[in-house]
Amino acid sequence: MSSERRPSFLAAHVDRLAGTHLRELLKDATRGKRLRHRLGPILLDLSRQKLDQAALDALGAHVEASGWQAARDAMFSGQPINTSEGRAVLHTALRAGGSQLPSPAPRDALKEIDATLKRIDALVKAVELGDASAYGVAPGITDIVNIGIGGSDLGPRLAARALAPYHVPGLRSHFLTNVDGQSAYELMHQLDPKRTLVIVVSKTFTTQETLLNGNVMREWISRAYDGDQAAVSRHFLAVSANVAEAEKWGIPAAQVYPMWDFVGGRFSLWSAVGLSLALAIGSYNFHELLRGAALVDDHFRSAVWSENLPVLLSLVEYWNRDVQGRGSRAVIPYADLLTDLTSYLQQLEMESLGKQVTKQGQPVAQPTSAVVWGSVGTNAQHAYFQSLHQGTDVVPLEFIGVVKPAHDLIANHEALLSNLLAQAAALALGKTFDEALAEAKSGTDEERRVLAAQRTFPGDRPSTVMLLDALTPESLGALIALYEHKVFMLGHLWGVNAFDQWGVELGKSIARQILPALDASGAKSVAGLDASTQALIEEIQARRKV
Ligand code: F6P
């Protein structure tokens, strides 16, 4: 990164640390005291980040001077901190029931949230008992299909998979997201329409993908009932802030569960957006998830910066992104159950923080959201870790592990954890040329040198390790809330609005312009579109006829 965009108050620390390898920093056995923290079921280890005490203190002084506590309190109390939309940001109020601290959220919001949670609990119980007719649901449901995209999909999808060991027997969950008809087509061939409950989740109830998939599923169920719409409606529930639109679409108001403007889509797992999850894992576990998140909310509201895990995570990200100039961060869960964590975080972090102007409309002073990417270990080791160890770019990593697995294949689990720990160590320590040379036993001196150069690992590559005691509803709730508050803190430090997403609009409106020109008749004009788009549409239309 060009040095003029680097926060100048950290320049001395950057220069000092540039000459110190992580291998050296890790020789200090007391280092972990400041950089390893436990919060309930989560251990956060930042000791392999390329920071020392003095750099951390400078970052701490920066955050303390930033007024972060007042900004945080404004969020918790429902101030309209989403300024470009004039909205409060109250996802924390959704789990306030699990909090030990009195909630500062507006009473009305808390009342509505409580009433909705009670509706969810009652429905979940009725479905478990096999008769949810009082809630408008057909008998004999075996499969739940959550239709939604972005925040209306990623949270419930992540949690449903992560908590598979907690699933209520006899009920299967499916997630229909993409507008690519292939997924709907496959689901319809797999499921029985008379035993399927579809939950259409859309905060706005205007999202193209969700409505198209909803239509497809409705026609499929309708065919099974010879068009009897009263019977069809018993296979649909909706979750939306736009009840009128959901009703117009054909879902009775009593079967619509509310969302609110004060909850952003990517922060909405804790609301009725998590209905398919609550049905999958049962009410008790859903409340445990909320309780885990509330534990982190309380911690975020009360801990000093130097012990506050979301604050520390944000400072490490700030350090890597803005001071060290790292453009991406790889998230590697060593848990197949957390397969969907990376895509969840992509929306949470990149939709929230991928901004280039401040809340005041001025250019930001430093780079914002890093690209978040990754996939589960150990698979990732056999795909792109070569580049992470020896490539020319330094990519900070986040390793997430689970101490106690949900199965009894202990040898597998020990191998899994040993790989996680080994990767973090290898990335930090590396292997010097001399060490590699000592290992090269045969050949001429020149041949040994050539080989050693290729077998040298630079090391000095930073990573964070998070260890969950076990993957439970509580620990998952806590983990997600940690990331949510980290995002809040980065939005605050960067001066951007982390709660709007204007950047997704342009593509949507161009797609609306293009759609008519893709009409199968080929008769619609492509006029008004740019030359490249026109050419591609003409090519698609021509190929369709072949
Ligand atoms: O396109 C982005 C987005 O608006 C996300 O922010 C949101 O989570 C997703 O689309 C789905 O929106 P909705 O819940 O309104 O269908």
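All of the numbers you see were taken from the coordinates with simple rules; none came from a lab. Small disclaimer: the values here were computed from a predicted structure and weren't measured. Please note: Cβ atoms are built from the backbone with ideal geometry, for glycine as well, and neighbour counts cover all protein chains shown.
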Check your understanding: So what are the radius of gyration and Dmax for the Cα set of segment 91-285, in Å?
Key -> 15.8, 54
Practice item. Specify the inter-centroid distance of segment 228-265 and segment 466-505, based on alpha-carbon positions, in whole Å. Key: 28
Check your understanding: So between ILE540 and ALA122, what do we pick up on full extension, going 0.36 nm a residue minus the alpha carbon distance?
Key -> 145.5 nm
Study note, to complete from the structure: In whole µm²/s, the translational diffusion coefficient that Stokes-Einstein assigns to the chain, given a Kirkwood hydrodynamic radius over C-alpha pairs, 4 °C and 1.567 mPa s, equals 51
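What is the order of THR378, THR92, fewest Cβ neighbours within 10 Å to most? Don't skip to the answer; put the middle values down first.
Details: THR378 17, THR92 30.
Ordered from fewest to most neighbouring Cβ atoms within 10 Å, THR378, THR92 come out as THR378, THR92.
Taking other Cβ within 10 Å of each residue's Cβ, how do ILE410, ILE199, ILE81, ILE332 sort, fewest first? Could the numbers behind the result be given before it?
Working: ILE410 9, ILE199 26, ILE81 21, ILE332 29.
Exposure proxy ranking, most exposed first: ILE410, ILE81, ILE199, ILE332.
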Review point. Mean separation of Cα pairs under 8 Å and 6+ residues apart, divided by the residue count of segment 369-481: what relative contact order is that in percent?
Key: 36
Practice item. Rounded to the nearest Å, what's the spacing between the alpha carbon centres of segment 411-429 and segment 86-100? Just the number, please. Key: 37
**Study point:** For segment 286-331 versus segment 136-165, the gap between their alpha-carbon centres in whole angstrom
**Key:** 27
Check your understanding: Going by how many other beta carbons lie within 10 Å of each one, how would you line up THR20, THR444, fewest first?
Key -> THR444, THR20
Point to revise | Over 15 Å [Cα-Cα, segment 503-544], rounded percent | key: 39
